[in-house]
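Chemist: Before I ask anything, let me first share the structure, which is written out below as structure tokens.
Where a number appears in this text, it was derived from the coordinates with a stated rule and is not lab data. Note that the structure is predicted; figures quoted are calculated from it, not measured. Cβ placement follows ideal geometry from the backbone for every residue including glycine, while neighbour counts extend to all protein chains displayed.
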Amino acid sequence: MTIALADYVKAAEHIVVFTGAGISTESGIPDFRSPTGLWQTHKPIQFQDFVNSEDCRIEAWNRKFEIDKTIAKARPNKGHLALAELVKTGRVRTIITQNIDNLHQDSGVDEGCIIELHGNGTYASCLDCQTRYTLDDIKSAFTESNGMVAPTCRQCDGIVKSATISFGQSMPEGPMQLAEIAALSCDLMIAIGSSLQVYPAAGFPILSKRNGSSLIIINREPTELDAIADLIINQEIGDTLEALIKDLHM
Ligand code: NAD
Ligand code: ZN
């Protein structure tokens, strides 16, 4: 299977990779939809509820600081490192990611090659004036109020939110445009560790396929887009990408 993958990679001139939560589970970050995923215990908080209710904001920050006990310690795994090597050698030009964990950046991939569709959870920003805050900064303000007051912006008193895109929140314009350009310019799209159920993100592999590129899916379970894929690899991501690097050197 990985030989077939290597053949596609060798033949392609312009590869774009599309990643989801599955690439980070081997770093200890739970995904959403697996049996051990976050949604088994927590229903997501909608953006409108976050904006309209201080109780929801307090709940969101409590969850964020709880989950960060795991996420903040996470390091890139062999899947991220293999992708970083594919970017370094020029085989992969762009990584479009739905992930918010900063692990592609931490694996050494240049910021300019990464398109974050759902933001980044390693910092916070004001919804009104976009002033950026470190999570430590927000956490001390929150702790000082004994978890009773949701943090607000020191510049404009606006609502401060982790810099991720929540359900119901509009997608970030710049990354959406860049992802469209990338999807339309590749001749091979490899979707890795995504159930491909979340839109508009999952629209990008569809767009590239419709535009004539090949589509490979690496995911341990079937996905929503299996029917249009040229190659499906239902295996573990880290092992698969590590084997790919070896096959490319053969
Ligand atoms: P998802 O949870 O819907 O799907 C993840 C898929 O990865 C599943 O189908 C699962 O079978 C597969 N998978 C998990 N570990 C794997 C492994 N080691 N090898 C092979 N396959 C594996 O994730 P999604 O499609 O990215 O959508 C979830 C949304 O949640 C995204 O929008 C993302 O922003 C967000 N999210 C991000 C993180 C993160 O940043 N790490 C974590 C959870 C959720
Ligand atoms: Zn502000």
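Chemist: Let me spell out the model: positive unit charges on the Cβ of Lys and Arg, negative unit charges on the Cβ of Asp and Glu, origin at the Cα centre of the chain. What dipole size does that give, in debye rounded to 20?
Modeler: On the way: 21 positive and 32 negative charges, 28 e Å.
Dipole size: approximately 140 debye.
Chemist: Going Cα to Cα from LYS10, which lysines come in below 30 Å? Please leave out same-chain ones fewer than 8 positions away.
Modeler: Cα-Cα hits under 30 Å: LYS78, LYS88, LYS209, LYS246.
Chemist: Using 7 Å Cα-to-Cβ label points, what is the GLU54/LYS73 separation (nm, one decimal)?
Modeler: For the pair GLU54/LYS73, the computed spacing is 3.4 nm.
Chemist: Per residue of the range 9-17, in order, report the coupling 6.51 cos²θ - 1.76 cosθ + 1.60 (Karplus, θ = phi - 60°) as ³J(HN,Hα) in whole Hz, putting x for Gly and Pro.
Modeler: Result, ordered by residue: 5, 5, 7, 7, 9, 9, 9, 10, 9 Hz.
Chemist: Per residue of the range 77-94, what does 6.51 cos²θ - 1.76 cosθ + 1.60 with θ = phi - 60° give for ³J(HN,Hα)? Whole Hz please, x for Gly and Pro, Karplus curve as stated.
Modeler: 9, 5, x, 4, 5, 5, 5, 4, 5, 5, 6, 4, 7, x, 6, 9, 9, 9
Chemist: A follow-up question, please. May I ask you to compute the full-extension gain from TYR199 to ARG220, defined as 0.36 nm times their residue separation minus their alpha-carbon distance, rounded to one decimal in nm? Numbers along the way, then the final one.
Modeler: Values: separation 21, 0.36 × 21 = 7.56 nm, distance 2.03 nm.
Extending this stretch completely gives an extra 5.5 nm.
Chemist: Once Rh is set to the Kirkwood radius over Cα pairs, what Stokes-Einstein translational diffusion coefficient, in µm²/s, holds for the range 79-226 at a temperature of 4 °C and a viscosity of 1.567 mPa s?
Modeler: 76 µm²/s
Chemist: Could I have the simple spin-label model distance between GLU13 and GLN235, label points 7 Å from Cα toward Cβ, reported in nm to one decimal?
Modeler: 2.9 nm
Chemist: For the range 91-137, count the residues as N, evaluate 2.2 N^0.38 Å, and divide the Cα radius of gyration by that value, please. Please list the in-between numbers first.
Modeler: Values: Rg = 12.2 Å, N = 47, 2.2 N^0.38 = 9.5 Å.
That ratio works out to 1.29.
Chemist: Excluding SER185 itself, calculate the net charge of residues whose Cβ lies under 12 Å from the Cβ of SER185, where each Lys or Arg counts +1 and each Asp or Glu counts -1. Present the calculation step by step, with values, prior to reporting the outcome.
Modeler: Details: positive: ARG93; negative: GLU13, GLU180, ASP187.
Overall, the nearby charge balance is -2.
Chemist: Across bins of 5 angstrom width beginning at 0, how are the C-alpha pair distances of the chain distributed, in whole percent?
Modeler: That works out to 1, 6, 13, 18, 19, 16, 11, 8, 5, 3, 1, 0, in percent per bin.
Chemist: Size of the dipole of the range 58-156 about the Cα centre, Lys and Arg at +1 and Asp and Glu at -1 on the beta carbon, nothing else charged, in debye to 20? The partial results should precede the final answer.
Modeler: Numbers: 12 positive and 13 negative charges, 65 e Å.
With Lys and Arg at +1 and Asp and Glu at -1, about 300 debye.
Chemist: Same structure again: Where does the chain land at 222 nm, in deg cm²/dmol rounded to the nearest 500, when only DSSP H runs of n ≥ 4 count, each adding -39500 (n - 2.57), divided by all residues? List each step's numbers first, then the result.
Modeler: Values: 9 runs with 93 residues, N = 250.
That calculation yields -11000 deg cm²/dmol at 222 nm.
Chemist: Which net charge results for the neighbourhood of PRO200, defined as the other residues with beta-carbon distances under 13 angstrom from its beta-carbon, given Lys and Arg at +1 and Asp and Glu at -1?
Modeler: Spelling it out: positives minus negatives among the neighbours equals -2.
Chemist: Provide the packing ranking of 138-146, 232-240, 96-104, i.e. peptides ordered by the mean count of other C-beta atoms within 10 Å per residue, highest first.
Modeler: Numbers: 138-146: 14.0, 232-240: 18.0, 96-104: 24.3.
Taking the mean over residues of other Cβ atoms within 10 Å, the ranking is 96-104, 232-240, 138-146.
Chemist: Sorting PHE204, PHE167, PHE47 on the 10 Å Cβ count, fewest up front, what's the list? Before the final figure, lay out the partial values.
Modeler: Working: PHE204 26, PHE167 13, PHE47 17.
If I rank by nearby Cβ atoms, fewest first, I get PHE167, PHE47, PHE204.
Chemist: In the range 140-250, how does Rg compare with the Kirkwood Rh, expressed as the Rg/Rh ratio over alpha carbon atoms? Please list the in-between numbers first.
Modeler: On the way: Rg = 19.8 Å, Rh = 17.1 Å.
Using only Cα positions, Rg/Rh for the range 140-250 is 1.15.
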